[in-house]
1. Only one residue in A:A226, A:A248, A:A222 is hydrophobic (A, V, I, L, M, F, W, C), within 16 Å of DNA strand B (Cβ to nearest atom), modelled with pLDDT of 95 or more and crowded, with 20+ Cβ neighbours inside 10 Å. Which one?
2. Residues that are of a type in the set (D, E, K, R) and without any contact (Cβ under 8 Å) to a residue 40 or more places away in the chain: does the range A:214-230 have at least one?
3. Residues that are of a type outside the set (A, V, I, L, M, F, W, C) and more than 25 Å from A:H126 (Cβ to Cβ), at least 1 per element: which strands (runs of 3 or more DSSP E) completely within the range A:159-258 meet that?
4. Being more than 17 Å from the chain's Cα centre (by Cα) and surrounded by 15 or more Cβ atoms within 10 Å (Cβ to Cβ) is the filter here, so list the residues in the range A:153-164 that pass it.
5. What's the number of the condition A:A150 fails, among (1) touching a residue at least 60 places away in the same chain (Cβ under 8 Å); (2) within 12 Å of DNA strand B (Cβ to nearest atom); (3) of a type in the set (A, V, I, L, M)?
6. Being near DNA strand B (Cβ under 10 Å from one of its atoms) and aliphatic (A, V, I, L, M) is the filter; apply it to the range A:1-15 and report the residue that is nearest to the chain's Cα centre (by Cα).
7. Do the conditions hold for A:V66, that is, is it surrounded by 17 or more Cβ atoms within 10 Å (Cβ to Cβ) and either touching a residue at least 24 places away in the same chain (Cβ under 8 Å) or closer than 19 Å to A:T6 by Cβ (or both)?
8. When both residues are 6+ apart or on different chains and their Cβ atoms are under 7 Å apart, which pairs have a first residue that lies in the range A:181-203 and is over 15 Å from A:D153 (Cβ atoms), and a second that is away from DNA strand B (no atom under 16 Å from the Cβ) and in a loop (DSSP other than H, G, I, E, B)?
Amino acid sequence: MFKIATWNVNSLRVRLAHVLAWLTAEQPDVLAIQETKLTDDAFPIQEFAGIGYLAAFTGQKTYNGVAILSKYPGQVIATALPAYPDPQKRLLCVEFNGVCVLNLYVPNGSEVGSEKYRYKLEWLSHLKGYTDDLLRNYPKCVVLGDFNIAPTDADVHDPQEWTGKVLCSGPEREAFFKLVHSGLVDCYRLFPQQEPAYSWWDYRAAGFRRNRGLRIDHILAATELAQHCKSCRIDIAPRKLERPSDHAPVVAEFEVWT
DNA sequence: ATGGTAGTTCAACTA
């Protein structure tokens, strides 16, 4: 079994103990994390090595920053969108023995119509070009991370309240499905899910306690790889801890084949 | 229609 997960940790400095505990308990082969908010010189390599994980990372001060933790070494393929120079560290692609893992922290977009919203759509359009290339070179591709997009109303606690708002707007959803429909599958929707399950809840207004959430963190697998996906779930346990991230991990398991 | 909280950094930005 190949077990892979994504988790926006919202500061690795603050969340390190949570991440170490979760890795130790869950033992995924690969964990993609977002919003490390750490420069590369400050990345806690030793702490992860201590529990048997290697780390690839690209970070910056204060904002953004992505990393891929893994039980075995991989090859870094990219730390940015090749055709889109961007000082914001939001992308890391690592190959593990033919399986390509693309970790994304998609721009939040702030507000529909804002400069940050335009940046988000532009970023997503360049991402589409990149994943098209990647899927040609690596048929076994997993694209995962914080997409900052709730794909459908089923992924939103109150679709009426969120209609047309950032994270749920038409252009964002179109960009998401454009990406997915060119050779990827949303692993979470491969399986019947018990109840509306979200991956992010606003810290404000007791969002988690009232289960006012959105499913904006995703694991997408290349079509053929998706046929070997055995499970996909959201683990809300870490969201219940003291000083949690506002996101919960999403976990998928694939049967290994040759 | 605004605000609520959290992280980084220390006033203001991002989410």
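1. Exactly one residue qualifies, and that residue is A:A248.
2. No, that holds for no residue.
3. Those strands (runs of 3 or more DSSP E) span A:229-234, A:250-254.
4. Kept after step one, since they are more than 17 Å from the chain's Cα centre (by Cα), are these residues of the range A:153-164: A:153-154, A:156-164.
Hits for the range A:153-164 are A:V156, A:H157, A:W162.
5. (2)
6. If we filter the range A:1-15 for residues that are near DNA strand B (Cβ under 10 Å from one of its atoms), which is where we start, we get A:8-15.
Cutting the leftovers down to aliphatic (A, V, I, L, M) gives us A:9, A:12, A:14.
On the way: A:V9: 10, A:L12: 15, A:V14: 19 Å.
Filtering the range A:1-15 for residues that are near DNA strand B (Cβ under 10 Å from one of its atoms) and aliphatic (A, V, I, L, M), the one nearest to the chain's Cα centre (by Cα) comes out as A:V9.
7. Against the criterion (surrounded by 17 or more Cβ atoms within 10 Å (Cβ to Cβ) and either touching a residue at least 24 places away in the same chain (Cβ under 8 Å) or closer than 19 Å to A:T6 by Cβ (or both)), A:V66 qualifies.
8. none
The values are calculated or read from the model by the stated rules, or taken from the named source; none is laboratory data. The structure presented is a predicted model; accordingly, all values stated were derived computationally and were not measured. No Cβ is skipped: glycine too gets one built from the backbone with ideal geometry, and neighbour counts run over all protein chains shown.
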